[in-house]
1. Name the pairs: first residue in segment 99-117 and at positive phi, second residue part of a strand (DSSP E or B) and open to solvent by less than 50 Å² (accessible area, probe 1.4 Å), Cβ to Cβ under 9 Å, at least 6 apart or on different chains?
2. Condition first: at pLDDT 70 or above and among the hydrophobic types (A, V, I, L, M, F, W, C). Now tell me which residues in segment 61-80 satisfy that.
3. Can you pull out the residues in segment 78-91 that are assigned to a helix (DSSP H, G or I) and open to solvent by less than 80 Å² (accessible area, probe 1.4 Å)?
4. For segment 1-60, which positions are assigned to a loop (DSSP other than H, G, I, E, B), open to solvent by 80 Å² or more (accessible area, probe 1.4 Å) and either in contact with a strand residue (DSSP E or B) (Cβ under 6 Å, 6 or more places away or on another chain) or at pLDDT 80 or above (or both)?
Amino acid sequence: MSDTAPRNPNGAAQMLADALLRSMTGASALLRVTGTTTDTSQSEVGLVATTFADAVISPVVMRKLRPTWQEGGQSKWELFVSATSVQQQVNALDLPSAQSLFAMTLAVTVAGQDYLIESIAANEAFGQVYLYRLLLREARQQAV
């Protein structure tokens, strides 16, 4: 028997969230992030090209939000993301927090479609984040 009191967090909420996300679809998403070495003055004036990387997070579940009709409006989506997968990418990219990972994310790709992040919410239990909810909108292709 394990102690699940708030004084002794054991990651049960994270394991449960991961299991539920895997049982729903087990899909993955790509976060297209900028390189972490763009803090030099040469990169600010464009002398050093910005690098990009794709960070794979899995499991994720995506659902379309209830549409509200607006002239020229875009569909909005909600992406449920495993906090353990986000933490793995934060550690791999040597970032201070998950918020910094989402701040440097340019686009989220799910099933070949690109989306832009509008807002981020974190669900917590016993002081630990177990799930991130990203509000997304479809990225429109720009004519050149």
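The values are calculated or read from the model by the stated rules, or taken from the named source; none is laboratory data. On a predicted model such as this, the values are computed, not experimentally measured, just so you know. Don't worry about glycine lacking a Cβ; one is built from the backbone with ideal geometry, like all the others, and counts go over all protein chains shown. Keep in mind that these areas ignore ligands, DNA and RNA; they rest on the heavy atoms of the full protein, side chains included. Shrake-Rupley method; radii C 1.70, N 1.55, O 1.52, S 1.80 Å.
1. Taking only residues 6 or more apart or on different chains, the pairs are 111/27; 111/29.
2. 61, 62, 65, 77, 79, 80
3. Just the residues of segment 78-91 that are assigned to a helix (DSSP H, G or I), to begin with: 83-91.
Of everything in segment 78-91, those that are assigned to a helix (DSSP H, G or I) and open to solvent by less than 80 Å² (accessible area, probe 1.4 Å) turn out to be 83, 84, 85, 86, 89, 90.
4. 25 - this is the single residue of segment 1-60 that is assigned to a loop (DSSP other than H, G, I, E, B), open to solvent by 80 Å² or more (accessible area, probe 1.4 Å) and either in contact with a strand residue (DSSP E or B) (Cβ under 6 Å, 6 or more places away or on another chain) or at pLDDT 80 or above (or both).
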